[in-house]
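Derivation of every value follows stated rules applied to the coordinates shown; laboratory data play no part. It should be emphasised that the depicted structure is a prediction, and the values quoted were computed from it without experimental measurement. Note that each Cβ is placed from the backbone with ideal geometry, even for glycine, and that neighbours are counted across all protein chains shown.
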Amino acid sequence: MSFAPRLSRFTETDSGDYWPGFVDALATLLLVIVFLLSIFVAGQFALSRALTGRDEQLAALNQQLATLTDELALAEGENTRLEQEMTTLRATLSDVQAERDDLSDQLVIVMGQMEDVQSRLILEEEVTANQVDQLTALNLQMQALRDQISQLTGLLDAAEAREEELESQIFNLGERLNAALASRAAELARYRSDFFGRLREILGNRSGVSVVGDRFVFETDVLFASGSAALSNDGRESLRPIADAIIQLTTEIPDDLEWIIRIDGHTDPRPIRTTYPSNWHLSAARAISVVNWFEDLGVPSEHLVAAGFGEFQPIAEGTSEEAYARNRRIELKLTSR
């Protein structure tokens, strides 16, 4: 049996030209790359427009905040002026009331004198010219006193009406001030929300870090050695992106909106066996260490506050090691000054 014919046919079959198929594959790959690039460019354009719209919204909000701040300053000035006017008016009202009371006393005396003269005249049953003059003078004096009392009563009524008007204006200004303050609080809450969102992106799902209410909580085991207030190298690096976010925040919040980052230190209830005399001292020292590190990284000191709470504000109940670890913590809170 001979294999030569089969080998010859196999050789002829495998000698085809593969170049057109290779070109088709390259063309298909090129189309896919062009399609992906088109999607990327479209995504970049959409992202750019979204960021531009956000910047415009932020500028509009800042403009509204500036307007509200101006209105708040004017309202505070007007409120101060009205309160001063109210104080002056009340002092005048008090003087007028005292004067009216004094005239009323004088009127009572004159009326008593007049009644006495009339009684004597009745007893004597005859009226002399001198007595008639005395009676006439008393009547005139009594009428003058009544006129003065009537005039003072009118002044008192006008002063009381003005007082009610001023109280109404002060009440309205109070409502405007409360509305303006509420607006500023809402503005600070918006920045707080943006700041916390940024921190969540920075920290991700890092162990030992959580959000409790309006605070970011770092378990101190991540930052400090046991019984120590000196930041570890890992702790310093963990706080570095937080400091960068705070520095960026200082460029975004308007200067007239007073705010601080409050750093609170907390411990577990177990007594410490270090150079610190109590957990109060240790918690405060740890908060101050974080503040000092933020200052070293460029965070403005006027936006930082340190506080120590010892073991008296736990967030986990019980005496397990897990509960103790959760209660040993540093909290960061963005709030008004």
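Annotations
- Length available on full extension from LEU29 to GLN134: 0.36 nm per residue minus the Cα-Cα distance, which gives 25.0 nm.
- Modelled this way, with points 7 Å down the Cα-to-C-beta line, the labels at ASP70 and ASP157 are 4.4 nm from one another.
- Length added when fully stretched, THR251-SER210, from 0.36 nm per residue minus Cα-Cα: 12.2 nm
- Each label point was placed 7 Å from the Cα along the Cα-to-Cβ direction; for SER320 and GLU201 their separation is 3.6 nm.
- Added length on full extension, which subtracts the Cα-Cα distance from 0.36 nm per residue, TRP19 to ASP296: 93.2 nm
- FRET efficiency, SER104 to GLU167 (Cβ-Cβ, R0 30 Å, nearest 0.05): 0.65
- The simple Förster model, with R0 at 35 Å and r as the Cβ-Cβ distance, assigns MET111 and THR87 a FRET efficiency of 0.45.
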